[in-house]
Amino acid sequence: MFKGKKLYLLVFIIVGAALLLGACTGNEDLTKLEQIKEDGKIVLGTAADYPPYEFHKQIDGEDQIVGFDIEIARSIADDLGVELEIKDMKFDGLLAALKAGNIDFIIAGMVPTAERAENVDFSIPYYEAEQKLLTKSEKASSYQKFEDLDGLKIAAQKSTIQQEIAEEKINASEYKFLSKITDLVLELKNDKVDGIVLVKPVATSYAQANDDLEVADISLGKEDGVAVAVDKGNSELIEEINTSLEKLIENNKITEFIAEATKLAETN
């Protein structure tokens, strides 16, 4: 009788383990797109210090992450029929979070590069902008050409195209690269640096929010266009994202999102 109970218990454990293993294997067999739809949500990774792309805003007494990148992310989530969850983090930590599976996609004004493309897949470009220099108002008129920037202390956000532009195009006496643009702006306001390389909409937003800052009348070139990033090998997900982006571009919605986000960034 005792042996029978032991045998019954052993069979119960084996069957339970098999069922559990089967359930786990079933989840692992799902593609990223299928997993997102099963979970009913898609997790966005962004760096919300980049107005009008993505930034924090007090709305009805509540801190919210807004911006035209966020509206694009919401449109993608709506097209997939899932909820959008937003994770705000440092820009230079986004790719690692994507590879670790902590987020499902990145929309953060990210420019596709050959180095980044080794680890992630990019969507079609959805927006491109001119690169500018944010500086103190009293100095802005002095910066008209690249030679005027020789010997200055130049800053940019760490691990971005703007960092590459600063290092490759400007003969600075000192470079400062930090993870958060808000920290860079503080350095500029405290005269620790002479200028920050930023994409034009972002530079303009910070200039409009700070009376002592201005965008210099110098062009540092145009970016190749920003895109959405997903982890390697998720072709079905990137196809769905591209379909959403193509629809937004065709209907001129991204231009509308940019105008709305820029206006929102300008208001207190």
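Picking from residues in the range 213-259 that are part of a strand (DSSP E or B) and not β-branched (Val, Ile, Thr), the one that is surrounded by the most Cβ atoms within 10 Å (Cβ to Cβ) is Ala229. Looking at Ser123, Ser141, which one is among the polar types (S, T, N, Q) and touching a Leu at 6+ places or on another chain (Cβ under 7 Å)? The conditions single out Ser123. Taking the listed residues Thr182, Thr204, the one that is part of a helix (DSSP H, G or I) and under 18 Å from the mean Cα position of the chain (by Cα) is Thr182, with no other qualifying. For Gly4, are the conditions met, namely being assigned to a helix (DSSP H, G or I), at pLDDT 50 or above and loosely packed, with under 10 Cβ neighbours inside 10 Å? Against the criterion (assigned to a helix (DSSP H, G or I), at pLDDT 50 or above and loosely packed, with under 10 Cβ neighbours inside 10 Å), Gly4 qualifies. Remark: pairs (first residue in the range 120-145, more than 30 Å from Lys253 (Cβ to Cβ); second residue among the polar types (S, T, N, Q); Cβ separation under 8 Å; 6+ apart in sequence or on different chains) = Tyr143/Thr135.
In the list Ile161, Ile249, which residue meets the criterion of being over 17 Å from Ala140 (Cα atoms), assigned by TED's automatic domain parsing to the domain that holds Lys90 and not basic (Lys, Arg)?
Step by step, each of Ile161, Ile249 is checked, and only Ile249 is over 17 Å from Ala140 (Cα atoms), assigned by TED's automatic domain parsing to the domain that holds Lys90 and not basic (Lys, Arg).
For the residues Thr262, Thr255, Thr243, the requirement of being assigned by TED's automatic domain parsing to the domain that holds Gln64 and over 17 Å from Tyr53 (Cα atoms) singles out Thr243.
Restricted to the range 60-127, the set of strands (runs of 3 or more DSSP E) holding at least 3 residues that are of a type outside the set (Gly, Ala, Ser) and surrounded by fewer than 21 Cβ atoms within 10 Å (Cβ to Cβ) comprises 62-66, 83-88. Tallying residues that are aliphatic (A, V, I, L, M) and assigned to a loop (DSSP other than H, G, I, E, B) within the range 157-173 yields 2.
Taking the condition out of contact with any Lys or Arg (no Cβ under 6 Å at 6 or more places or on another chain), farther than 21 Å from Ile258 by Cα and at pLDDT below 95, does Gly61 pass? Here the answer is yes, as Gly61 does meet what is asked.
The values are calculated or read from the model by the stated rules, or taken from the named source; none is laboratory data. Owing to the predicted nature of the structure, the values given are computational and were not obtained by experimental measurement. For neighbour counting, all protein chains shown are included, and Cβ atoms are generated from backbone atoms with ideal geometry for every residue, glycine included.
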